[in-house]
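Below is one structure, written out as structure tokens; comments come after it.
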Amino acid sequence: MQELDKNRIPAHVALICDGNGRWAKKRGMPRTYGHRKGGFVIRDTVQNAAKLGIKAVTFFCFSTENWNRPEDEVKYLMTAPAKFLKRYMKDLASTNARIRMLGRRDRLPKIFMDVINEVEEKTKDHTGIICNLCIDYGSYDEITTAVKKIASEYKDGNITLDDITPALIEGNLFTKDLPKLDLLIRTSGECRISNFLLWQLGYAELYFTDTLWPDFDNNELIKAIADYQKRDRRFGGIKNENK
Ligand code: IPE
Ligand code: MG
């Protein structure tokens with residue numbers, strides 16, 4: 001296993017958990033079998049990330065566009081997180097994790113939202129790793145909602161044009177109280193962002209791996225972080241020794 005520099009652990013890691021369907025297909029199983037295994041892997045990743053000292057993990061579980069999938073799969077994906085949370089609540093709580101959902105809350109079934117609300121309430125004072133589950137999440141939607149809110153504040157005379165700054169925009173996103181995003185991991189060999197955290201990715205490092213999400217284990221997480229630690233993050237500046 002690779003050695004990591006304890007002083008350069010990313011604070012906030014986002015993960016696009018892709019490849020569940022292909023993983024299941026390879027085994028001659030229905031896609032939902034892959035989603036089920038994907039759920040276990042989310043739980044394990046939260047625990048592994050907490051052990052490494054990562055402060056926040058944000059998982060892309062269901063996007064605003066995933067509603068276009070076959071009805072059966074959508075139905076499965078809508079009930080799976082509630083089952084997942086009921087099953088793993090204890091495991092995650094034992095790492096003192098704070099669990100939250102990021103995304104639209106107006107289109108999800110009530111039975112699902114009840115579980116989410118309960119889990120968020122029960123874990124809200126936990127001081128361990130923050131685990132964000134992005135469900136019915138899409139960046140276009142998140143940014144549009146923020147713009148509407150700011151426009152209405154402006155219309156009501158509560159803010160002036162000069163008050164509209166990157167910080168104000170950031171403060172109106174779902175991620176407002178999270179550490180800055182350091183690293184994005186996408187599994188399954190696809191090299192795109194798929195409408196995920198577009199604003200927040202501004203200066204994050206991107207890591208793509210061919211590994212399918214159900215196979216993403218602690219070793220894979222460590223490999224991604226080791227790769228991140230090799231990067232020279234300049235944030236638009238230049239290397240120190242070149243100054
Ligand atoms: C990722 O796996 C999980 C979700 C987006 C819900 P996919 O369902 O996208 O699996 P592939 O990409 O078809 O293999
Ligand atoms: Mg996919």
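Just so it is clear, none of the values below were taken in a lab; they were calculated from the coordinates. Given the structure is predicted, the values throughout are model-derived calculations rather than measurements. Ideal geometry is used to build each Cβ from the backbone, glycine not excepted, and the neighbour counts take in all protein chains shown.
Numbers for the structure displayed
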| read-out | value |
| --- | --- |
| For segment 141-158, 3J(HN,Hα) per residue [Karplus equation, 6.51 cos²θ - 1.76 cosθ + 1.60, θ = phi - 60°, Hz, x = Gly/Pro] | 5, 4, 6, 4, 4, 5, 4, 4, 4, 5, 4, 6, 4, 5, 4, 7, x, 7 |
| Per-residue HN-Hα couplings for segment 85-97 [Karplus 6.51, -1.76, 1.60; θ = phi - 60°; Hz; x = Gly/Pro] | 5, 4, 6, 9, 2, 5, 4, 6, 5, 5, 8, 6, 6 |
| For segment 228-237, Karplus couplings with θ = phi - 60° (6.51, -1.76, 1.60), whole Hz, Gly/Pro x | 4, 5, 7, 6, 9, 8, 10, 6, x, x |
| Förster radius 51 Å - calculated FRET efficiency between Lys90 and Asn158 (Cβ-Cβ, nearest 0.05) | 0.70 |
| Local electrostatic count, Ile116, Cβ distance below 14 Å [Lys/Arg +1, Asp/Glu -1] | +4 |
| Label point distance in nm, Val147-Asp215, each placed 7 Å from Cα along Cα→Cβ | 4.0 nm |
| Amide H contacts under 5 Å for Glu205, placed H, 5+ residues apart | Leu183, Leu184 |
| Value of relative contact order over segment 6-135, rounded to a whole percent, pairs C-alpha under 8 Å and six or more apart | 30 percent |
| Percent RCO, i.e. relative contact order, over segment 96-243, from Cα pairs under 8 Å lying at least 6 residues apart | 19 percent |
| Amide H partners (placed H, <5 Å) of Arg98, local residues excluded | Gly128, Ile129, Ile130, Cys131 |
